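Right, one structure below, let's go through it.
Every number here is computed from the coordinates shown, using simple stated rules; none is lab data. If you're wondering where the values come from, they're calculated on a predicted model, not measured in any experiment. For neighbour counting, all protein chains shown are included, and Cβ atoms are generated from backbone atoms with ideal geometry for every residue, glycine included.
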Amino acid sequence: MPDDFKYLALAESGLSNVVSPSNAAGFWQFLPSTAKQYNLTVNAEVDERYHLEKATVAACKYLKEAYAKFGSWNLVAASYNMGIDGLQKQIDTQKQKNYFALLLNDETSRYVLRILALKEIAGNPSKYGFKLENSDFYKPLKSRTFLVDSTITDIAQFAINQKINYKQLKMLNPWLRQNTLTNKAKEKFEIKILIPS
């Protein structure tokens, strides 16, 4: 995967677990239907669009699938914004396979350039007036993984049993959407547990 595609997540969400007006969610802004297509669980208790690692794997699968179809990373980025089928329809209608020769909606027309602009600014912050000090950066959090394959009836109590609080657990596991994890299918979930510093 080209390294520049990390800036696609920045363009999509500002690297925040946000929800769009169309109900796309997480860093990679998956719609529920697309998330399920890429094997992410989306229900009332678990929404893996908010699971950074799993959603990133799903985004990479999408991008590789789009590249296999279009053969152009510019078109791949455009398809992430408007969908593979939507972009293919425009390619068929306009008989063009060059992103810069296609007349697309305003948002998609600016999309690749927006990603490139974000790459330039993030790669050269001082050139654009951003002076970052060491204190401006987040310190890495230490965590361990707890494998769960059963139901958790009270996640707040589960957190206390792990010697952390509910807020700390949710900070590292935003994909857990309720205070319960009903796991009738005995799926294996990895819950990150904060290691106090």
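Exposed loop sites were defined as trypsin sites (Lys or Arg not before Pro) in DSSP loop states (anything but H, G, I, E or B) carrying at most 11 other C-beta atoms within 10 Å; in the chain the longest segment without such a site runs 1-94.
Using a/c under 1.5 as the rounded threshold, could you call the range 131-187 rounded, prolate or oblate? The axes a ≥ b ≥ c are square roots of the C-alpha gyration tensor eigenvalues, and prolate needs a/b larger than b/c, oblate otherwise. List each step's numbers first, then the result.
Numbers: a/c = 2.77, a/b = 2.48, b/c = 1.12.
Prolate, since a/c reaches 1.5 and a/b exceeds b/c.
In this label model, residue 188 and residue 16 are separated by 3.6 nm, measuring between points 7 Å along each Cα→Cβ vector.
Could you tell me which GluC sites (Glu not before Pro) in the range 123-197 are loop residues by DSSP with no more than 16 other beta carbons within 10 angstrom of their beta carbon? Let's see the in-between values first.
Working: sites: 133, 187, 190; in loops: 133, 187.
When the GluC sites (Glu not before Pro) of the range 123-197 are filtered for loop state and at most 16 Cβ neighbours within 10 Å, 133, 187 remain.
Straight-distance candidates among the lysines for linking to residue 95, with alpha-carbon spacing under 28 Å and chain neighbours fewer than 8 residues away dropped: 61, 64, 69. Cross-link partners for residue 184 among the lysines, with Cα-Cα distance under 23 Å and sequence neighbours closer than 8 places in the same chain left out: 36, 54, 170, 192.
Could you please state, rounded to a whole Å, how far the C-alpha centre of the range 9-52 is from the C-alpha centre of the range 78-102? Here the answer is 23 Å between Cα centres.
If you place +1 on the Cβ of every Lys and Arg, -1 on the Cβ of every Asp and Glu, and leave all else neutral, what size is the dipole of the range 36-192 about its Cα centre, to the nearest 20 Debye?
On the way: 25 positive and 16 negative charges, 58 e Å.
So the magnitude is around 280 debye.
For a straight C-alpha distance cut-off of 17 angstrom, the aspartates and glutamates reachable from residue 97 (same-chain residues fewer than eight places away being disregarded) are 65, 85.
Taking a sphere under 15 Å around the Cβ of residue 142 and counting the other residues whose Cβ falls inside, with K and R at +1 and D and E at -1, yields a net charge of +4. To the nearest ten degrees, helix 84-94 and the longest principal axis of the Cα atoms of the chain are 10 degrees apart. Helix 52-70 and the longest principal axis of the C-alpha atoms of the chain enclose an angle of approximately 20°. Each Cα pair under 8 Å and six or more residues apart adds its separation to the average, and for the chain the resulting relative contact order is 19 percent.
Of all stretches in the chain that contain no chymotrypsin sites (Phe, Trp or Tyr not before Pro) in a DSSP loop with at most 14 other Cβ atoms within 10 Å, the longest one is 1-129. Note on the chain: helix-only mean residue ellipticity at 222 nm, from DSSP H runs of 4+ residues weighted -39500 (n - 2.57) and normalised by residue number, equals -13000 deg cm²/dmol. Within the chain, the proportion of Cα pairs with more than 31 Å between them is 31 percent.
Please compute the length gained on full extension between residue 135 and residue 98, using 0.36 nm multiplied by the number of residues separating them and subtracting their Cα-Cα distance.
Numbers: separation 37, 0.36 × 37 = 13.32 nm, distance 4.36 nm.
So the extension gain works out to 9.0 nm.
Computed over all pairs of different Cα atoms, the Kirkwood value for the hydrodynamic radius of the range 78-184 is 18.9 Å.
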